[in-house]
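Since the structure comes first, as structure tokens, the remarks are kept for the end.
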Amino acid sequence: MRKVVGLLAIGLTTALAAPVALAKREGRDKDDIKLENIKVREGRAKASREGSSEVGLTVDPALQAEVDRILDASKAPSGAVVVSDVKTGRILAWASRGKEGDMVRKAKYPGASLFKIVTTTALLESGKVRLGDSVCFQGGESRLTEADVKPGCHSGDNKTAFEFALGRSLNPVFGRLALKHLNPTTLGETARNFGIGAEPPLDLPADKTSIKLPSDDLGFARAAAGFGDAKMSPLQALFMMQTIANGGEKVRLHVTGNAAEVPRVSLGQAFKKETADKLVKMLEATTRSGTSAKAFAPMEGKPRLSVAGKTGTLMFEKPKRLVSWFAGFAPSRKPEIAVAVMLANDEKWWRKGNEVARDVFDAYFELKANQP
């Protein structure tokens, strides 16, 4: 197995592993807006500025009410849901629960398997991996060992087309392919293109998402598969999905201002549209035959949707939480909205992130269908 060493890899690891803390800005306490308690007055969503008056939001009042209800029904001690209009970056709903503050923009928990999206993008952009490539794997369901990421095919291995690996969240596939085709520098560049290492592009302060990319083989393979030392906010997960939905184009997010006049601000291309199209196909497998097939199965009386998305699940020790993620967009081929859900449940839980996300998608399209 090859060893990745050198100043460049070490420097990159240091840059991406900066401590996660809420951004410190001059006058933040004065300028920030409390979005934990969004109110609807005179048909418009509003929130209070610290030590000042109310500020108008881009949030859709009807969808916000539904998202609040759905998040409350999850009974999660801590959690967040955020929804955006894909084309403009307008925030349509923003809901947070728990004692830990505004969990939409707080990067407290690892993104877990959501980071596989970054690894997949880097592999596709490299041109060395194609959707139809057959990949061998075994083990690695809850952790990765050296045997799980040993290159090549071995006795007892299973096989899958790379196209389905993301939807099934196959850890050893991403560990093996990352070791073969990537290194901390190339994977780190893709992470930065997604906005990891910087604040999400929002008109309010938000936590930076971070990821450590170790130089040793096993540590790097684990990070590439989503087992790395990382922190991600639901807002960053939303921005990642919105970028894919926009064909690889990064579009600024807006939560303050007039909902009818949100400007579309392009921040450039994160990766090729061809790569985004392939990602869409892989993310569709999540809800059709992968980790969210049951949650997104057709239901009588509910909208029939094609959803592209990704799950993430992990046990977090302090506090002890079962963290459940889902981030995605719909309709998958003509996206309208992106959704990110994070639930930090007790060991006993009521609902998972993908189930909550399904309800949010249903609520949006039902409200749309009932508009006059």
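Tabulated data
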read-out: Sole exception among (1) in contact with a Gly (Cβ under 7 Å, 6 or more places away or on another chain); (2) among the aliphatic types (A, V, I, L, M); (3) in a loop (DSSP other than H, G, I, E, B) for residue 295, by number; value: (1)
read-out: Matching entry among 214, 205 (being over 30 Å from residue 35 (Cβ atoms) and surrounded by fewer than 20 Cβ atoms within 10 Å (Cβ to Cβ)); value: 214
read-out: Checklist (1) under 26 Å from residue 253 (Cα atoms); (2) without any contact (Cβ under 8 Å) to a residue 60 or more places away in the chain applied to residue 86, failing item; value: (2)
read-out: Residue 82 vs. criteria modelled with pLDDT of 95 or more, buried (at least 17 other Cβ atoms within 10 Å of the Cβ), not hydroxyl-bearing (Ser, Thr, Tyr) and not in a loop (DSSP other than H, G, I, E, B); value: yes
read-out: Residue 161 vs. criteria of a type outside the set (D, E, K, R), at pLDDT 95 or above, surrounded by fewer than 17 Cβ atoms within 10 Å (Cβ to Cβ) and over 19 Å from the mean Cα position of the chain (by Cα); value: yes
read-out: Selection within segment 310-369 - of a type in the set (Asp, Glu) and over 17 Å from residue 244 (Cβ atoms); value: 317, 346, 347, 355, 359, 362, 366
read-out: Among residues of segment 172-186, those that are closer than 22 Å to residue 280 by Cβ and buried (at least 24 other Cβ atoms within 10 Å of the Cβ), counted; value: 5
read-out: Residue match in segment 261-272 (condition: free of Cβ contacts under 8 Å to residues at least 12 places away in the same chain and either surrounded by fewer than 24 Cβ atoms within 10 Å (Cβ to Cβ) or not β-branched (Val, Ile, Thr) (or both)); value: yes
read-out: In segment 31-70, the residues that are touching a Phe, Trp or Tyr at 6+ places or on another chain (Cβ under 7 Å) and of a type in the set (Val, Ile, Thr); value: 38, 59
read-out: Restricting segment 113-140 to residues that are out of contact with any Asp or Glu (no Cβ under 7 Å at 6 or more places or on another chain) and either modelled with pLDDT under 95 or in a strand (DSSP E or B) (or both), the residue that is nearest to residue 318 (Cα to Cα); value: 135
read-out: Some residue of segment 223-232 being closer than 21 Å to residue 83 by Cβ, assigned to a helix (DSSP H, G or I), modelled with pLDDT of 95 or more and touching a strand residue (DSSP E or B) at 6+ places or on another chain (Cβ under 9 Å); value: no
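The values are calculated or read from the model by the stated rules, or taken from the named source; none is laboratory data. This is a predicted model, so every value here is computed, not measured. Reconstructed Cβ throughout: ideal geometry from the backbone, glycine too, with neighbour counts over all protein chains shown.
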